[in-house]
Amino acid sequence: MQFSSLIFVTAFLPIFLLVYRFASSSKSIAVQNAVFLCFTLIFCLFGGLRGLVVLLAATLIGYFGGLLAESAAERGEEKKVCGVSVIILVAMLAWFKYAGFIVDGVVMPMGLSFYTFKMISYLADVTRGKYYAERNFGHFLIYSASFHTVMQGPIVRYDETAEQIKNRKFTATGFAEGFFRFVIGLSKKVILADHAGEMAANLLPRSKALSDMPTVGIWLGMLAFTLQMYLDFSAYCDMALGLGRMLGFSYPENFDYPYMSRSVKEFWRKWHITLSSFFKDYVYIPLGGNRMGARRRTLNLLAVWLLTGIWHGATFNFVLWGLFYFGFICLENALADRGITRFPPVIGNIYTFIIYNVGWLIFRFEKFGHLRRALAGMVGLGKGGFNNHVVKVTFSNNLFFLIVAVIACTPLVTTIRKKMETTIRDQQKSFTAMYVGKLIITVVLFFLSLCVMTGSTYQPFLYNAF
């Protein structure tokens, strides 16, 4: 069951919110947590019993690993306990994620990559003494399995949500803000991301037909896939954060308009922020970071980007994708060492735009032959020529959609909304009109999304595969 499926939007979520609202009237956080945990387990069961068993196994490893590491600290053996626990978690992740290449029938439970990293961050923080290990298994299970974040993150740290598990309030304002964020994500997914995916599938087919695609078609398809990647993944995060806000949870943001970046380093500070911070805090810095000279810094970065690529998948393109970004990060570090720390605005935007577009092209094609054809076609060396009638029609028919999709990747709408709120506040005018307008937008987008979902084939989130 996915956030963008009809069964979730029209059945699971309304029933859950109704029961949870009734539970919240008791003023007992224990009752609210019990309802939340019950529905979380039901949600996870839709992914299959085996997936739930794996989730519970990872949770138990994290829970008991934290307790044992904390008690072992008196003997100075906490790092050993943490290391064993992390090795077990990584081995479990590696088996389900990569064994399918050599053994038939191995299917990775959805969300495993994300909640495994949550467990690792928890174990590392307890071992470092950042906070005490959680004694209440129910609270810990909510942290690891919460249906808001279990499938695709954000990769929440325990100290970011622990207090909210034990003390939060269900308010009308929080519910309204959360539902608005959820609807924004839902419409971004089913109206924009899925259509961009259809364009990408037609213009960048994973087949030999790619050889006949003209250069303009390759670039248009690459743009469509770039739009899909952001709109799809950020849509999920919008929905996850919105669901949390409805209940009184506050999760960390995972995106900060990365396509507006002026360097590759800035891009990765704004794309999948919780994953980037995980690798920084639990891999890069422990290896020495940039404190041990340029050569060691480069080796540390190589480790980070190899792991980043492998985390996404075991096929060659993901490793190549990680090394691709590693190369440009090293290039920018070398320039920074020589005093060039930032690019002129337009030049930086164009440079970064080209890099992340080519990066997504590498990301898309698992077979080297397909990637080679795409890269050749992109620079005019393919068999399809420069342009053709089909690509022209596709572009003209989707021009309005492309404009809207591009705007959705920028902070333009958010900036306008904030300026309107500031103007109303400064002029001491009533917020009623703005609230009514926000309500109308929410209702229209929600029912428009339902119409699209009813009349189209369901498409899962892209990052379900990771």
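Averaging the sequence gap over all C-alpha pairs within less than 8 Å and six or more residues apart, then dividing by the number of residues, gives the chain a relative contact order of 18 percent. For the range 409-425, putting each phi into the Karplus relation 6.51 cos²θ - 1.76 cosθ + 1.60 with θ = phi - 60° gives couplings of 8, 10, x, 4, 5, 4, 5, 4, 4, 5, 5, 5, 5, 5, 4, 5, 5 Hz, in residue order, rounded to whole numbers and with x for Gly and Pro.
Taking only the Cα atoms of the range 170-282, the radius of gyration and Dmax are 17.1, 56 Å. In units of the rule-of-thumb radius 2.2 N^0.38 Å, the range 6-170 shows an alpha carbon radius of gyration of 1.10. With the Cα gyration tensor of the range 417-466 giving a ≥ b ≥ c as the square roots of its eigenvalues, does the rule (a/c under 1.5 for rounded; else a/b larger than b/c for prolate; else oblate) give rounded, prolate or oblate? Verdict is oblate for the range 417-466.
Residues F22, F324, ranked from the fewest to the most other C-beta atoms within 10 Å, line up as F22, F324. Between the labelled values (i) 4, 18, 28, 28, 17, 6, 1, 0; (ii) 4, 18, 25, 21, 15, 9, 4, 2, 1, 0, 0; (iii) 5, 22, 33, 27, 12, 2, 0, the entry that holds P(r) over Cα pairs in 10 Å bins from 0, in percent as derived from this structure is (i).
In a simple Cβ point-charge model (Lys, Arg +1; Asp, Glu -1; nothing else charged), the chain has a dipole of about 620 debye relative to its Cα centre. Net charge in the neighbourhood of V190 (other residues with Cβ under 14 Å of its Cβ; Lys, Arg +1, Asp, Glu -1) is -2. Farthest towards the positive end of the charge dipole of the chain, among the residues G359, L306, S71, is the Cα of G359, using unit charges on the Cβ of Lys, Arg, Asp and Glu.
Normalised by residue number, the volume inside the convex hull of the Cα atoms of the range 218-321 is 139 Å³ per residue. Under 25 Å of direct C-alpha separation, and excluding same-chain neighbours fewer than eight residues apart, K80 reaches these lysines: K118, K130, K280. Near K418, which lysines are there with a Cα under 26 Å away, not counting those fewer than 8 places off in the same chain? Answer for K418, where 26 Å is the Cα cut-off: K169, K188, K189, K270, K429, K438, listed by chain and number.
Placing a label point 7 Å from the Cα of V19 along the Cα-to-Cβ direction, the residues of the range 131-156 with a backbone N closer than 17 Å are 142, 145-148. Let me make sure I get this right: for the range 48-117, a, b and c are the square roots of the gyration tensor eigenvalues over alpha carbons, sorted descending. Under 1.5 in a/c it's rounded, otherwise prolate if a/b > b/c, else oblate. Which is it? Since a/c reaches 1.5 and a/b is larger than b/c, the shape of the range 48-117 is classed as prolate. Taking a straight Cα-Cα cut-off under 20 Å and skipping sequence neighbours fewer than 8 places away in the same chain, the lysines within cross-link reach of K383 are K208, K367, K392. Note on the range 179-239: along the principal axes its Cα atoms extend 45, 17, 14 Å, ordered by decreasing extent. In plain terms, the residue of H370, H389 with the fewest other Cβ atoms within 10 Å comes first and the most crowded comes last, giving H389, H370. Ordering R206, R181 by the number of other Cβ atoms within 10 Å of each residue's own Cβ, fewest first, gives R206, R181.
For the range 74-161, what percent of Cα pairs sit more than 19 Å apart? Cα-Cα pairs of the range 74-161 separated by over 19 Å account for 46 percent. Each principal axis of the Cα atoms in the range 250-305 has its own extent, and those three values, largest first, are 33, 27, 16 angstrom.
If the viscosity is 0.890 mPa s and the temperature 25 °C, what Stokes-Einstein diffusion coefficient in µm²/s follows for the range 1-81 when Rh is the Kirkwood radius over Cα pairs?
D = 161 µm²/s.
One quarter of the surface of the convex hull around the alpha-carbon atoms of the range 340-398 equals 6.2 nm², the direction-averaged projected area.
Taken together, the values in this text are just the output of simple stated rules run on the coordinates, not laboratory data. This is a predicted model, so every value here is computed, not measured. Glycine gets a Cβ as well: all are built from the backbone with ideal geometry, and neighbour counts include every protein chain shown.
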